Amino acid sequence: MRIGIFDSGIGGLSVLHQALRRIPEAEFIYYADEEHVPYGEKKEKQIKGYIDEIIKFMLKKQVDAIVIACNTATSVATKEYRSRFPVPIIGMEPAVKQAVELYGHLPGRILVAATPVTIAGDKLHHLLEKVDREDKVDLAALPGLVRFAEKGDFDSEEIMEYLTEELKAYPLHQYKAFVLGCTHFNYFMAYYKRIFPETVKFVDGNAGTIRQLLRKLGDAGGSPDSGVSEAVLYSGSARRVTYYFSGRLITAGERERINAYMEQLDRLDSI
Ligand code: DGL
């Protein structure tokens, strides 16, 4: 089974990182649109053009399913648009519904952070109309985090300064949950832990996306989620992934860069 995963850049590696463990029998194609990142500050029409190109690329590579590991791209690529293609396409949206279902009963507010396109998009606002009836959810656009992530900067005082500045108008002590609504945001967990109260719960859409992928593959007669455990080791996973940057194979230097991101994701597993 071959699965295509794409993002505007290296954010979607956080989805790939989990997919490698959860679906040990699959082969992956990871596509980072490094020529066009960030999507989160571009026009909807432009982003749709990039997505079209990437999906065509993935179909030529004969993938069995495509994961849009990017909340921003999913926000502009509606369901109807996605159903135009012959293989299942699984999108991602900020996991607000999950946060409300899990923590809605607790006192406090929920903060959802994402890119400016996702925050301004109709898709998120329609979702909030459905799940945030009590008006307990706040939104924050944090495009600077995409830039830090793309630079491979996971550890600098500038990150803390940026977050402190961007979030200074928010009632940080009131949050019970923080939703990471952009796959590039996963790299900075250590900073969120410094900023929010100790009791805050972190919610991202990665595990839900992989569950949805497994469901779709099951529906399509592929491999259902049969006994694949979180604990499956993924040694040798490097050989199971072919990486592309905007349609070309990555260089050895870029491969080093990817390794640094995967190592950061490994480290985050233990914090
Ligand atoms: N990683 C993408 C997301 O999940 C967006 C980053 C960008 O602005 O390109 O929304």
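Quick notes on this one:
- Between VAL112 and ASP138, LEU139, ALA140, VAL179, the built amide H atoms are under 5 Å apart, and every one of these is 5 or more places off in sequence or on another chain.
- The phi-based Karplus calculation (6.51 cos²θ - 1.76 cosθ + 1.60; θ = phi - 60°) puts the 3J(HN,Hα) values of the range 161-169 at 4, 4, 5, 4, 5, 5, 9, 5, 8 Hz, whole numbers, x for Gly and Pro.
- Site pair THR251 and ILE195 shows an inter-label distance of 3.4 nm when each label is modelled 7 Å from Cα along Cα→Cβ.
- For LYS60, a cut-off of 13 angstrom between C-alpha atoms picks up these aspartates and glutamates, skipping any fewer than 8 places away in its own chain: ASP52.
- Pairs from the list LYS61/LYS151; LYS48/LYS136; LYS136/LYS168 with a Cα-Cα gap above 27 Å: LYS61/LYS151; LYS48/LYS136.
- If the chain linking GLU166 and MET1 were pulled fully straight, counting 0.36 nm for each residue of separation and taking away their Cα-Cα distance, it would gain 55.1 nm.
- Separation of the LYS48 and LEU268 label points, Cα + 7 Å toward Cβ, nm: 3.1
- Excluding same-chain neighbours fewer than eight residues apart, the aspartates and glutamates reachable from LYS130 by a Cα-Cα span under 13 Å are GLU101, ASP122.
- Given R0 = 30 Å, the distance between the Cβ atoms of HIS126 and ASP153 translates into a calculated FRET efficiency of 0.30.
- Principal-axis analysis of the Cα atoms of the chain puts helix 44-60 at an angle of about 30° to the longest axis.
- Pairwise Cα distances in the range 145-197 exceed 13 Å in 59 percent of cases.
- Unit Cα scatterers, Debye sum, the range 1-106: log10 I(q)/I(0) for q = 0.20, 0.24 Å⁻¹: -1.04, -1.36
- Value of D in µm² per second that Stokes-Einstein yields for the chain, Kirkwood Rh from Cα pairs, at 20 °C (1.002 mPa s): 113
Just so you know, all these numbers are worked out from the coordinates, no wet-lab data involved. Note that the structure is predicted; figures quoted are calculated from it, not measured. All Cβ positions, even for glycine, are placed from backbone atoms using ideal geometry, and neighbour counts span all protein chains on display.
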